[in-house]
Amino acid sequence: MPLIACEHCASVQRRLSLRRGELAACERCGTVLWRYSRLTLNDWLAIALAGFVVFCIANAFPVARIEVYGAQRSATLLDAIAITWQQHHWSVAIMTGTAGFALPLLQLLALLWVLVPLARGRLPAHKAQICRRLGWLRPWSMVPVFLLGAIVSLVKLAGSVQVHVGLGLPAFGLLAVLLTMLGRLSPRALWRHAETAGLAQVPEPRYLPGHVLAGCHACGLVQDLAEQRPDEHAPHCVRCHAVLHHRKPQSLARTWALMLTAAILYIPANVLPVMHIASVTGDSGHTILGGVVELWHGGAWDIALIVFVASVVVPMTKLLALLLLVLRAQRGDVGGLRSRTRMYEMVEIIGQWSMLDVFVVILLSALANFPGLMRISADLGAAAFGLVVVLTMLAAMSFDPRRAWDAAHTNGVLTHMKESH
Ligand SMILES: [Zn+2]
Ligand SMILES: [Zn+2]
């Protein structure tokens, strides 16, 4: 039976086969390691193919069309990105174009590249590289966030103009569901499928003195690692050639640096307007909180609440939770490790949702674009806000929750091996 290393506490366990409805959780920290899945490789291939077709439809048809005094505007996601670019808000255009369009497309193509041969019982060409790339881009693919952003912007517009929903919106709804399902196919899961099909080797690690067991962060293979001297090059995974780190290097310093930069940028993100509205009644700038208050007074309290949670509660919670985790890890505190691991998982999951308002701004600038009558454009706050989201996500990725567990030494599995720090 192959071994599996927990990503959050590093304990190494045997991978048992599961029955229907079961899931395997880490004995030590409670992280879900893998779930039973009825879906075969052929089913996954069908879902990925459907995802690709729906992706094309969602981007080819407008999300909505609006009417102001007989004049009409409709916009797809790509129109919104192009208009933001033309208005010289390059960083906002790049962030939304990457997270809303380029990465979801690459994710689907990478999955198809791997799944088509796997479903036919063959090993895909360049599987190791493609799977590694898939691991990098997965957290940044934000179709569900864009979908919610589209709904919020339509509610905002519906107060003052006539809004017609386009085919693009339901297509994005379906795409969000399909991509959420496909999110289960992590690189590790793809390698497990290949192992089950007998296409990938699973060498047993040697239990030598002075060696530690480490799971490859890319393919999940557990292998033995000789203790490393600082002047040596980091070793590579024997199966997928990813760089193997027993623990993420300089994790706390990196997390601190990214977290502090995000905290500083959080001030302009909230003080500066995220969008600018020019209309016949005059020009005005709108901040994130101002937008929430406006929605609330306009009677859309439910949407106001969603925007408030995504744009204010989520970034604050993320920064505070990370701060707490980093401080406790630095002190070598070993209390409440399981709840700290849950807290870290929460930070990872909520990460991308704060991008909501940035998507709202670009869609509004594409739809409410009637020069001389009403014109919405992105503003500096949106760029700052997007950067805060990116930086807090990078900060969470740099943090290594396993280090806190290293201090605990409660592990029965690894006690016979020497722990390196
Ligand atoms: Zn664990
Ligand atoms: Zn590997």
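The values are calculated or read from the model by the stated rules, or taken from the named source; none is laboratory data. These numbers come from a predicted model, not from an experiment. With ideal geometry, Cβ positions are generated from the backbone for all residues, glycine too; neighbour counts draw on all protein chains shown.
Points worth noting:
- Residue in region 20-35 that is in a helix (DSSP H, G or I) and either away from ligand 1 (no atom under 16 Å from the Cβ) or among the small types (Gly, Ala, Ser) (or both) present: no
- The number of residues in region 241-286 being of a type in the set (S, T, N, Q), surrounded by 19 or more Cβ atoms within 10 Å (Cβ to Cβ) and in a strand (DSSP E or B) comes to 0.
- Filtering Ile66, Ile94, Ile81 for residues that are under 21 Å from the mean Cα position of the chain (by Cα), surrounded by 17 or more Cβ atoms within 10 Å (Cβ to Cβ) and more than 16 Å from ligand 1 (Cβ to nearest atom) leaves a single hit, Ile81.
- Matching option when the condition is out of contact with any strand residue (DSSP E or B) (no Cβ under 6 Å at 6 or more places or on another chain), touching a residue at least 40 places away in the same chain (Cβ under 8 Å) and of a type in the set (A, V, I, L, M), among Ala176, Ala102, Ala119: Ala119
- Taken across region 78-90, residues that are closer than 23 Å to Leu33 by Cα and outside any loop (DSSP other than H, G, I, E, B) do not occur at all.
- Residue within region 351-373 that is under 24 Å from the mean Cα position of the chain (by Cα), within 14 Å of His276 (Cβ to Cβ), not in a helix (DSSP H, G or I) and not acidic (Asp, Glu) present: no
- Residue within region 204-220 that is β-branched (Val, Ile, Thr), modelled with pLDDT of 85 or more and more than 9 Å from ligand 2 (Cβ to nearest atom) present: no
- Residue match in region 263-285 (condition: within 16 Å of ligand 2 (Cβ to nearest atom), over 30 Å from Leu373 (Cβ atoms) and not β-branched (Val, Ile, Thr)): no
- The residue of region 69-78 that is nearest to Ala366 (Cα to Cα), among those that are of a type in the set (A, V, I, L, M, F, W, C) and surrounded by fewer than 20 Cβ atoms within 10 Å (Cβ to Cβ), is Leu78.
- Some residue of region 7-29 being surrounded by 18 or more Cβ atoms within 10 Å (Cβ to Cβ), farther than 30 Å from Arg342 by Cβ and more than 16 Å from ligand 2 (Cβ to nearest atom): no
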